[in-house]
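The values are calculated or read from the model by the stated rules, or taken from the named source; none is laboratory data. Worth saying up front: this structure is predicted, and the values here are computed from it rather than measured. Note: ideal-geometry Cβ built from the backbone for every residue, glycine included; neighbour counts use all protein chains shown.
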Amino acid sequence: MFKNKRVNTWCLSIILIFAVAGCKSRFEKLLASNDTAKKYQEALRLYNKKDYTKALTLFDDLMQRYRGRAEAEDLSYYSAYTNYYLKDYTTARYQFKIFADTYPTSAKAEECRYMAAYCYSLDSPNYSLDQENTVKAIEALQLFINLYPQSERVAEASKLIDNLRDKLETKSYANAKLYLTIGASDPQNYRSAVIAFRNSLRDYPDSKYAEEMEFLTIKAQYLYARNSIETRQEERFTEAISMYNAFAEKYPSSQYLKDAEDIKKDAERGIEAVKKFLAIQQAELKLRESKQDTVKNNN
């Protein structure tokens, strides 16, 4: 009885194996075959049908088989676009660049050089994150413009560069402002804010944040002075006042002018207060020294 059960189980397993094998899809059978011409036709059909996942599987297989042959150019082109449509911009930009570098005389070289740069711009993250890809996108787009100055894509490439630079500008502004926000945790951050605002204004002199950043530079310098040791406060308050004077001359109608003027007045009061404090300190020191001299003379 047990023997019959084992035979039945074995037979059932064989039937299941053949059933699974028989259920193998048409696509899987094609992928496992060596019919490259049929694979090529099917890959294009799937690509045009927008079934990019299956198309990419066939393109990857065919690129290995057609390496060094004439068909490799079109396969490289379609593979790059397939990854692009699948939103794998990292792989797509690499493949577009490889195409442009490998086939510089191709009618598609200009298009692929642009698409490589465009994919970089699509991989540019929010301004609050690391901007390495943003910088590389700008470089790639500028290279495209330099290589193809007459291209109809130059206008779009220039617009993309402007948008990417705006992101870098916002990143620079936000980073500088952060030093001011966290200044209370360490007064040295106020000095870092002054430096960061100045660097941002130097890098982006036409920034839409320029007026605000110049005002915030005054504020950061004032807070830096107020949190300094008394012997350094006067010179640092004086620097804040000088910044205010330059700001008032440059932006006489600024929305920040009233606040800037209040900061200047506080800085002036700060100078007077620290002068009095240091004078008292100096007088007390002289009094102590005088008493010590008296004691010595009496002894």
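Across region 96-112, what is the number of residues that are closer than 14 Å to residue 81 by Cα, surrounded by fewer than 16 Cβ atoms within 10 Å (Cβ to Cβ) and of a type outside the set (Val, Ile, Thr)? Before you say what the answer is, go through the steps one by one.
Taking region 96-112 and keeping what is closer than 14 Å to residue 81 by Cα, we get 96-100, 108-109, 111-112.
Now restrict to residues that are surrounded by fewer than 16 Cβ atoms within 10 Å (Cβ to Cβ): 98.
So of that shortlist, the ones also of a type outside the set (Val, Ile, Thr) come out as none.
Of the residues in that region, 0 qualify.
Across region 235-247, which residue is farthest from residue 212 (Cα to Cα) among those that are over 34 Å from the mean Cα position of the chain (by Cα) and surrounded by fewer than 17 Cβ atoms within 10 Å (Cβ to Cβ)?
We begin by selecting, within region 235-247, every residue over 34 Å from the mean Cα position of the chain (by Cα); these are 235-238, 241-242, 245.
So of that shortlist, the ones also surrounded by fewer than 17 Cβ atoms within 10 Å (Cβ to Cβ) come out as 235, 238, 242, 245.
Numbers: 235: 24, 238: 21, 242: 17, 245: 15 Å.
The residue in question is 235.
Check residue 150 against each of (1) surrounded by 14 or more Cβ atoms within 10 Å (Cβ to Cβ); (2) at pLDDT 95 or above and name the one condition it does not meet.
Going through the list (1) surrounded by 14 or more Cβ atoms within 10 Å (Cβ to Cβ); (2) at pLDDT 95 or above, residue 150 breaks only (1).
Testing residue 72 on (1) of a type in the set (A, V, I, L, M, F, W, C); (2) within 18 Å of residue 52 (Cβ to Cβ); (3) surrounded by fewer than 23 Cβ atoms within 10 Å (Cβ to Cβ), one condition comes back false. Which one is that?
With respect to (1) of a type in the set (A, V, I, L, M, F, W, C); (2) within 18 Å of residue 52 (Cβ to Cβ); (3) surrounded by fewer than 23 Cβ atoms within 10 Å (Cβ to Cβ), residue 72 is out only on (2).
Being surrounded by 14 or more Cβ atoms within 10 Å (Cβ to Cβ) and either out of contact with any helix residue (DSSP H, G or I) (no Cβ under 8 Å at 6 or more places or on another chain) or part of a loop (DSSP other than H, G, I, E, B) (or both) is the filter here; which residues of region 254-271 pass it?
Listed by number, the residues that qualify are 254, 256.
From the list 43, 32, which residue is modelled with pLDDT under 75, small (Gly, Ala, Ser) and closer than 26 Å to residue 81 by Cβ? Spell out how you get there, then give the answer.
Details: 43 fails: modelled with pLDDT under 75.
Among 43, 32, only 32 is modelled with pLDDT under 75, small (Gly, Ala, Ser) and closer than 26 Å to residue 81 by Cβ.
When you scan region 168-185, do you find a residue that is surrounded by 14 or more Cβ atoms within 10 Å (Cβ to Cβ), hydrophobic (A, V, I, L, M, F, W, C), farther than 30 Å from residue 221 by Cα and at pLDDT 95 or above, even just one?
Scanning region 168-185 turns up no residue that is surrounded by 14 or more Cβ atoms within 10 Å (Cβ to Cβ), hydrophobic (A, V, I, L, M, F, W, C), farther than 30 Å from residue 221 by Cα and at pLDDT 95 or above.
Can you name the residue in region 141-162 that is within 16 Å of the chain's Cα centre (by Cα) and free of Cβ contacts under 8 Å to residues at least 40 places away in the same chain and is also nearest to residue 225 (Cα to Cα) among such residues? Steps first, answer last, please.
Just the residues of region 141-162 that are within 16 Å of the chain's Cα centre (by Cα), to begin with: 141, 160-162.
Then keep just the ones that are free of Cβ contacts under 8 Å to residues at least 40 places away in the same chain; that gives 141, 161-162.
Working: 141: 44, 161: 39, 162: 37 Å.
Ranking the candidates gives 162 first.
Within region 272-282, is even one residue within 25 Å of residue 195 (Cβ to Cβ), surrounded by 13 or more Cβ atoms within 10 Å (Cβ to Cβ) and under 37 Å from the mean Cα position of the chain (by Cα)?
In the first step, residues of region 272-282 are kept if they are within 25 Å of residue 195 (Cβ to Cβ); the result is 274.
From the residues that got through so far, the ones that are surrounded by 13 or more Cβ atoms within 10 Å (Cβ to Cβ) too are 274.
Now drop any that are not under 37 Å from the mean Cα position of the chain (by Cα), which leaves none.
No - not one qualifying residue is present in region 272-282.
Testing residue 115 on (1) crowded, with 22+ Cβ neighbours inside 10 Å; (2) modelled with pLDDT under 95, one condition comes back false. Which one is that?
(2)
If you go through region 37-50, how many residues are at negative phi and loosely packed, with under 14 Cβ neighbours inside 10 Å?
6
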